[in-house]
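Below is one structure; the comments refer to it alone.
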Amino acid sequence: MDGMTRILVVDDELDICEILKFNLENSGYEVDMALSGEEALSMPLDKYSLFLFDVMMDEMSGFSLAAKVRKIEECAEIPIIFITAKTGENDLLTGFNLGADDYICKPFRISEVLARVKAVLRRNSKSIPAPAGQGNIVFGDLVLNPEAKRAYVSGVDMSLTKKEFEVLQMLLAKPGRVFSREEILSHVWPNDVNVLERSIDVNMARLRKKMGCYANNIVSRSGYGYCFVTETKE
C-alpha cells in the first residue's frame, strides 16, 4: 500500500475515530482525525486522498461538511465516504447528491470499511487499460466486459458491485429502451422479495456516481423507468 495515501476521518465519537485510524494505519494508510466538521475545515484538506465523514455530528453534520468541502476547488474531486447510522433511502440519496463516493452504515465491520476504502481509492487512481474481449459492450470510453464482470470508464475500473454491473449491462445492451422498475427488479433481484422499487433509485444513484462523464447517459423516464441514452443534453 502506498504510504503516501492520506485519509481524514471525521467523527464526533473519539472511540470510532481511533478504531478507524488504528485499522486503516495497519493497512498502510496515513490517517488523521477530526472530532467535528469545524475542526476538519481548519485542516489542510487538499493533502488527503480520501475523506471518511460521519453524518450525525453536533453543530455541523457530515452532509454540511461535505457541501463545504466540495466548494473548495482543490478538494472538489477528493472522494468522500459517509459512515452513519442514517440508513433511509432519502439520506442515501442526499449523500450521493452531495458527491459521496460510497456510504457505509453503522454498525459496520472493519473488513467492510477497508474493502470500500480500497475500492474507492482504486476508482480514483490512474487509468489502466480495460481488458480486450470480443463480447465487450462499448460506448465511447465506457467499456463493459461481460466475461470479466468488469466495467471501465477511460480505462479506469469502475469497481461495480454485482447488482450495479447487472443493471448497467441490462441498460447498455439495449440503448434507448426504457426498462420499468418491475423489469429491473425481476432481472437483477429475482429472488429477493424484500427489495422495493424505490431501492432501485438508490442503486441508480450509486451507479451514476461511478460512471463519471457518462452519469447523465442513464436517465429516468418519470412514471416509466430507466434507460441508457446515447445523446445527453448539455
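The values are calculated or read from the model by the stated rules, or taken from the named source; none is laboratory data. What you are looking at is a predicted structure, and each value in this text was computed from that prediction instead of being measured. Positions of Cβ are generated from backbone atoms using ideal geometry, with glycine treated the same way; all protein chains shown enter the neighbour counts.
When the residues of the stretch 6-36 are narrowed to those that are touching an Asp or Glu at 6+ places or on another chain (Cβ under 7 Å) and of a type outside the set (A, V, I, L, M, F, W, C), which ends up nearest to residue 117 (Cα to Cα)? That would be 6. Restricted to the stretch 9-60, and to residues that are polar (S, T, N, Q) and under 15 Å from residue 81 (Cβ atoms), which residue is surrounded by the most Cβ atoms within 10 Å (Cβ to Cβ)? Checked the stretch 9-60; the qualifying residue surrounded by the most Cβ atoms within 10 Å (Cβ to Cβ) is 49.
Scanning the stretch 143-163 finds one or more residues that are modelled with pLDDT of 90 or more and farther than 19 Å from residue 96 by Cβ. Of the residues that make up the stretch 11-22, is at least one closer than 26 Å to residue 212 by Cβ, in a loop (DSSP other than H, G, I, E, B) and at pLDDT 90 or above? Checked the stretch 11-22: no residue is closer than 26 Å to residue 212 by Cβ, in a loop (DSSP other than H, G, I, E, B) and at pLDDT 90 or above. Evaluated against (1) touching a helix residue (DSSP H, G or I) at 6+ places or on another chain (Cβ under 7 Å); (2) modelled with pLDDT of 85 or more, residue 197 falls short on exactly one condition, (2). Pairs needed: first member in the stretch 174-187, assigned to a helix (DSSP H, G or I); second member anywhere, exposed (fewer than 13 other Cβ atoms within 10 Å of the Cβ) and not polar (S, T, N, Q); C-beta distance under 8 Å; at least 6 residues apart or different chains. As it stands, the answer is 181/197; 182/197; 185/197, since those pairs meet every condition given. The residues of the stretch 41-80 that are assigned to a loop (DSSP other than H, G, I, E, B) and closer than 16 Å to residue 99 by Cβ, listed by number, are 48, 49, 55, 61, 71, 72, 76, 77, 78, 79.
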